[in-house]
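J.: Quick one: this structure, given as structure tokens, is what I'll be asking you about.
Nothing in this text is a laboratory measurement; each read-out follows from the coordinates by a stated rule. Predicted model only: the values in this text are computed from it and were never measured. Please note: Cβ atoms are built from the backbone with ideal geometry, for glycine as well, and neighbour counts cover all protein chains shown.
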Amino acid sequence: MTLIVLAGTIGAGKTSLTTMLADHLGTQAFYESVEDNEVLPLFYENPKQYAFLLQIYFLNKRFDAIKQAYSEDNNILDRSIFEDSLLFHLNADLGRATATEVRVYDALLANMMQELPYAAYKKRPDLLVHIRVSFDTMLQRIKRRGRSYEQLDVDPSLYHYYEELNRRYDQWYADYDQSPKMQIDGDQLDFVTNAADRAECLRLIDARLAQLKAPTA
């Protein structure tokens, strides 16, 4: 059984790479709930009111996806549950969540991680793949995918939120120690639109998986 999880900021290309990896490895993909997320547009309209609700929504969906992913062999998740704390604590630091909401959220996340039904087998992914992109690339991809509520021309205040989110991902990846990990340079490898870059990205992931499976001396 192998579980791969993708990580990265908004617009990094997690969904695209998840689809490519699932096709490449012949396995099932589990996607973050975005297009059918009724809370997400509300959050962008009023972050202070809906930040906590949005994070609980995502936490519930990711928890469910993890349970499904472990029901069969060799699956891929397009967002790591380990990123949830980064996202919510950023919103809290921006004044969008209260100290009480943070305590409730942190306690709930810790409890859910302890109670995962596959805990007797293992709790951690086999490989985390972080797609790192520069802030400029992040903004270009957000604009390209065209979700109206994400656009800076609709809400210029999102600039600081996006900038800080992208910055914090570097430290999050450096600190991550829950499983083997690797990083893809999303600026150098445009795996979404460039076939050669896509092939190289998949080659790098294949090599990392082979390395992890190789017997140790």
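J.: Over the chain, how many pairs of lysines fall under 25 Å by alpha carbon, counting only those 8 or more apart in sequence or from different chains?
T.: Value for the chain: 21.
J.: Further question: Compute log10 of I(q)/I(0) for the range 143-217 with the Debye formula, placing one identical point scatterer on every Cα and leaving out solvent, at q = 0.18, 0.19, 0.21, 0.26 Å⁻¹, to two decimals.
T.: Scattering profile of the range 143-217, log10 relative to I(0): -0.99, -1.03, -1.08, -1.14.
J.: Go ahead and estimate [θ] at 222 nm for the chain from helices alone: -39,500 (n - 2.57) per DSSP H run with n ≥ 4, summed, over the residue count, rounded to 500.
T.: -17000 deg cm²/dmol
J.: Take the alpha-carbon positions of the range 1-159, form their convex hull, and give its projected area averaged over all directions (one quarter of the hull surface) in nm².
T.: Orientation-averaged projected area of the Cα hull: 9.4 nm².
J.: Can I ask one more? What is the order of T27, T9, fewest Cβ neighbours within 10 Å to most?
T.: T27, T9
J.: What is the sum of charges around R168, taking Lys and Arg as +1, Asp and Glu as -1, for the other residues whose C-beta is under 15 Å from the C-beta of R168?
T.: -4
J.: Let me know the shape class of the range 21-112, please: from the alpha-carbon gyration tensor, a ≥ b ≥ c as square roots of the eigenvalues, rounded when a/c is under 1.5, otherwise prolate if a/b is greater than b/c, or oblate.
T.: The shape class here is prolate.
J.: Could you state the orientation-averaged shadow area of the convex hull built on the Cα atoms of the range 81-202, in nm² to one decimal?
T.: Result: a mean projected hull area of 9.4 nm².
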